[in-house]
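Just below is one structure, and these are the notes that go with it.
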Amino acid sequence: MTNLLIKWFIRDHDQIHRPAVRERYGRLAGLVGIASNLFLFVIKLVIGTLANSIAILADAVNNLSDAGSSVITLVGFKLSSKPADEKHPYGHARAEYITGFIVSVIILLLGIELIKSSVQKILNPDPIRFNLYVVLVLVIAILVKLWQSIFNKSLGKRIHSSALEATSMDSMNDVLATSAVLLATLVGKWTGLQVDGYMGVVVALFIIYSGFRLVSETLNPLLGLAPDADLVEKIEKKILSYEGVIGLHDLVVHNYGPDKCYASVHVEVPAHQDLLISHDIIDNIERDMLNENNIHLVIHMDPIVTDDELTNTLRQQIGNIVTYIDPGLSMHDFRLVLGKTHSNLIFDIVIPTGYKTSDDELRERIQKEVRLIDPNYHCVITIDRNYTCTTNVME
C-alpha cells in the first residue's frame with residue numbers, strides 16, 4: 001500500500017535528492033498522519049468516555065497530539081525545501097531536523113502527562129465499563145498505528161529523514177500503549193482487577209524513555225554529528241582512485257540537512273608533477289564528486305617531495321616514531337629544510353578526539369625521539385584535530 005500511495009501522490013518519486021520531491025514525501029506523510037490520527041482520536045474519545053477508561057482517554061489525547069505532530073512535519077518539510085537565500089546560503093534543509101526534535105519533545109511531554117493521569121487513576125480507581133465495542137476500537141487503533149509506523153519508517157528510510165523516523169517511533173509507542181490499554185481492559189473484565197492506571201504508568205515510562213532517545217538522535221545533527229564512517233571511506237577511496245594522487249588528509253565533512261553534504265580535504269600530489277596536470281586532477285575529483293555523489297567538495301592541493309632520498313627516509317622514520325608513541329596518531333605535510341647548524345623537520349600531527357596528552361607534551365615527546373636520530377634536527381609541529389575519526393591516508 002505504501003508504494004501505491006507514493007506512486008499516486010508523489011510525482012518524480014525516484015528523484016529524492018530534489019528538495020521539491022522531498023517536500024512531497026513529507027506532505028504525504030503529514031496528510032496521512034493528520035487524517036488517521038484524527039479518526040483514532042474521535043473513536044477513542046467516544047469509547048473512552050462511554051467505558052470510563054482514563055487509559056483510553058489518554059490514548060485519545062495522544063492521537064490528537066500526533067495529528068498536531070503531523071502538522072509540524074508538514075511545516076518542517078515545507079521550510080526545508082526553501083531554496084538558499086542571502087542569509088542562508090546553504091539552504092534550509094536543517095529545518096527537517098528541527099521538526100524531528102519538536103516531535104521528540106512532544107513525545108516526552110505526553111509521557112509525563114500520562115504518568116500524572118495514570119497515578120490519579122491508581123489513587124482513585126474507577127471500574128472500566130467493558131463491552132465489545134471497546135475491544136474492537138482498540139484493535140482497530142493498534143492496526144492503524146502499526147501501519148502508520150511501517151509507513152513512516154519506509155518513507156523515512158527512502159529519503160533519509162530523521163523527522164519521519166521519529167514519527168515512526170512515535171507510532172510504534174502508540175501500538176504498545178494501546179496494547180497495554182487493551183490488556184488492562186481484558187484483565188479487568190476477566191479478573192475484576194483494576195490495572196488500568198498501572199498499565200498507564202508502564203506505558204508512560206516507555207514513552208518517556210523513547211522521547212529522551214529521540215531527542216538525542218534528532219538533536220545530534222543540529223549540534224554537529226561526526227560523518228558516517230561509510231561515507232568517509234567512500235570519499236577516501238574515490239579520491240585515491242585517481243592516478244597522480246598519493247594521499248589525503250584533513251578531511252572535514254559538513255552536513256546542512258539530508259542530501260546537503262559539503263566537504264573539504266587536502267590531497268597530496270607529487271611535487272615534481274606538472275602543476276597544470278595536478279590542478280586538472282583536482283578539478284576532476286571535485287566535479288566527479290558532485291555529479292556522482294552529490295557532495296560539494298573543496299580540495300587543497302599539497303605537493304609532496306617523493307624524489308629526495310633523505311626526505312623520504314626521514315618521513316618514514318618520523319612516521320614510525322609517531323605510530324610508536326600512539327597508533328591513533330598520524331602525520332602529514334612533512335617537509336625538510338636543511339641548514340648549517342640545524343635542520344627543521346616541519347610536519348603536522350593529527351590527534352583523535354578526546355586525546356589526553358597535551359599538545360606541548362606530545363611535541364616534547366616527539367622531539368626527544370627525533371634527537372636520537374640526529375641532535376641537530378629540530379621539529380616544527382602543528383597539531384591537527386581529527387573531525388572524521390579516520391587516520392591519515394597515504395599510499
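Summary table below
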{"read-out": "Every residue from the range 170-205 that is under 14 Å from Asn62 (Cα atoms), in contact with a Leu (Cβ under 7 Å, 6 or more places away or on another chain) and in contact (Cβ under 8 Å) with a residue 60 or more places away in the chain", "value": "Thr178, Val181, Gly200, Val203, Ala204"}
{"read-out": "Extreme residue, farthest from Cys379 (Cα to Cα), among residues of the range 306-353 that are of a type in the set (Lys, Arg) and touching a strand residue (DSSP E or B) at 6+ places or on another chain (Cβ under 9 Å)", "value": "Arg315"}
{"read-out": "Filtered residue count, the range 130-169, keeping only those that are farther than 19 Å from Val42 by Cα and either in contact (Cβ under 8 Å) with a residue 60 or more places away in the chain or buried (at least 18 other Cβ atoms within 10 Å of the Cβ) (or both)", "value": "20"}
{"read-out": "Gln316 farther than 30 Å from Val253 by Cβ and either at pLDDT 90 or above or of a type in the set (D, E, K, R) (or both)", "value": "no"}
{"read-out": "Residue match in the range 291-311 (condition: assigned to a strand (DSSP E or B), of a type in the set (A, V, I, L, M, F, W, C) and over 31 Å from the mean Cα position of the chain (by Cα))", "value": "yes"}
{"read-out": "Condition check for Gly211: surrounded by fewer than 18 Cβ atoms within 10 Å (Cβ to Cβ) and not aromatic (Phe, Trp, Tyr)", "value": "no"}
{"read-out": "Index of the failed condition, Arg287 passing every other in (1) touching a residue at least 40 places away in the same chain (Cβ under 8 Å); (2) in a helix (DSSP H, G or I); (3) not β-branched (Val, Ile, Thr)", "value": "(1)"}
{"read-out": "Residue match in the range 45-53 (condition: buried (at least 24 other Cβ atoms within 10 Å of the Cβ), outside any helix (DSSP H, G or I), in contact with a helix residue (DSSP H, G or I) (Cβ under 8 Å, 6 or more places away or on another chain) and among the hydroxyl-bearing types (Ser, Thr, Tyr))", "value": "yes"}
{"read-out": "Residue match in the range 239-256 (condition: in a helix (DSSP H, G or I), out of contact with any strand residue (DSSP E or B) (no Cβ under 6 Å at 6 or more places or on another chain) and not hydroxyl-bearing (Ser, Thr, Tyr))", "value": "yes"}
{"read-out": "Residues satisfying the stated conditions in the range 25-35, i.e. modelled with pLDDT of 90 or more and either in contact with a Cys (Cβ under 8 Å, 6 or more places away or on another chain) or surrounded by fewer than 21 Cβ atoms within 10 Å (Cβ to Cβ) (or both)", "value": "Leu31, Val32, Ile34, Ala35"}
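Per-residue answers, yes or no, for (1) touching a helix residue (DSSP H, G or I) at 6+ places or on another chain (Cβ under 6 Å); (2) assigned to a loop (DSSP other than H, G, I, E, B); (3) assigned by TED's automatic domain parsing to the domain that holds Ser36; (4) within 26 Å of Leu40 (Cβ to Cβ):
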{"position": "Gly68", "(1), (2), (3), (4)": "no, no, yes, yes"}
{"position": "Phe77", "(1), (2), (3), (4)": "yes, no, yes, yes"}
{"position": "Lys82", "(1), (2), (3), (4)": "no, yes, yes, no"}
{"position": "Gly91", "(1), (2), (3), (4)": "no, yes, yes, no"}
{"position": "Gly100", "(1), (2), (3), (4)": "yes, no, yes, yes"}
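The values are calculated or read from the model by the stated rules, or taken from the named source; none is laboratory data. Quick caveat: nothing in here was measured; it's all calculated off a predicted structure. Cβ coordinates were reconstructed from backbone atoms using ideal geometry, including for glycine residues, and neighbour counts include every protein chain displayed.
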